[in-house]
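Read the structure below first, then the notes.
Read-outs throughout are calculated quantities, based only on the coordinates presented, and are distinct from any laboratory measurement. Small disclaimer: the values here were computed from a predicted structure and weren't measured. Neighbour counts are summed over all protein chains in view; Cβ atoms, including those assigned to glycine, are modelled from backbone coordinates with ideal geometry.
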Amino acid sequence: MLRNTIESWGAPAKVFHWLIAALILSQIALGLTAAGWHLSPTKLNLFVWHKSIGMLILALVVLRLLWRLANPSPALPAEMPAWERRAAEASHFLLYGLALAMPLSGWIVNSADKVPFHIFWTIPLPAIVAPDKGTADLAKLAHFSFFIVLAAVLVAHIGAALRHHFVKHDDVLWRMLPGKWRKK
């Protein structure tokens, strides 16, 4: 099934969801490892991976948003209270916004610090701002702040999915699982 239905997410939506989720989790590990590593070729390579995956996430999130605009989301459970629906909508809005803001703020840091960069060591990434220490410092603060908010929203998102599965016993998690998983 390619397109979303009222009951489930389509295959492209599921692929985007799980691929972006895996890449974001890898970004957290890469970013923290690279930031804490001593200055060395390994640190530089970790940052190339981190920045490259960030640009990949940016592209995938844009594609996912375009797909989502063309494919309405499955309906939330009818018994879900209004406050929970609003919280779900807000968390998804925040996740999409942060998945765009994180790589963009990283790109600004890279540009403002005047660091030449090639995505996956091959594709040159153009600067999007002029070199400027103040801009770089502000973008670094924004990037870190976005990370803190993203971590909190991810915990809430994962917690809500697990709550739907283990406490509410509804299909919210099942319909995003790959393949033909179904609630038993």
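As an exercise, find the ratio Rg/Rh for region 34-100 from alpha-carbon atoms, using the Kirkwood inverse-distance average for Rh. All intermediate terms of the calculation are to be shown ahead of the outcome.
Working: Rg = 17.9 Å, Rh = 14.8 Å.
That ratio is 1.21, to two decimals.
Normalised by the number of residues in the chain, what is the relative contact order in percent for Cα pairs under 8 Å and 6+ residues apart?
22
Which of the three applies to region 1-60, rounded, prolate or oblate, going by the alpha-carbon gyration tensor with a ≥ b ≥ c and a/c under 1.5 meaning rounded?
prolate
Along Cα→Cβ, 7 Å out, is where each label goes; now give me the distance between the ones at Asn45 and His169 in nm to one decimal.
Label at Asn45, label at His169, 5.1 nm between them.
Give the total of Lys-Lys pairs in region 1-146 with Cα-Cα distances below 27 Å; include a pair only if its members are 8 or more places apart or on different chains.
Value for region 1-146: 10.
Hey, can you grab everything whose amide H is under 5 Å from the amide H of Ile119? Only 5+ residues off in sequence or another chain; H modelled, so Pro and N-termini drop out.
Result for Ile119 returns Leu125.
Relative to the present Cα-Cα distance, how much length would full extension add between Trp121 and Leu32 at 0.36 nm per residue of separation?
Contour length minus Cα-Cα distance gives 30.0 nm.
Please state the shape class of region 129-184: rounded when a/c is under 1.5, otherwise prolate if a/b exceeds b/c and oblate if not, all from the C-alpha gyration tensor. Kindly include the intermediate steps, with their values, before the conclusion.
Numbers: a/c = 8.31, a/b = 3.07, b/c = 2.71.
Verdict is prolate for region 129-184.
Rounded, prolate or oblate, given the Cα gyration tensor of region 89-179, with a/c below 1.5 counting as rounded?
prolate
With θ set to phi - 60° and the Karplus curve 6.51 cos²θ - 1.76 cosθ + 1.60, what are the ³J(HN,Hα) couplings of region 45-55 in order, to the nearest whole Hz, using x for Gly and Pro?
Those phi angles translate into 5, 4, 5, 4, 4, 4, 5, 5, 5, x, 5 Hz.
Compute for the chain: radius of gyration divided by Kirkwood radius, i.e. Rg/Rh, restricted to C-alpha atoms, rounded to two decimals.
Working: Rg = 18.5 Å, Rh = 18.0 Å.
Result: Rg/Rh = 1.02.
If each residue of separation counts as 0.36 nm, what is the full-extension length gain between Ala22 and Val155 once their alpha-carbon separation is subtracted?
So the chain would gain 46.4 nm between Ala22 and Val155.
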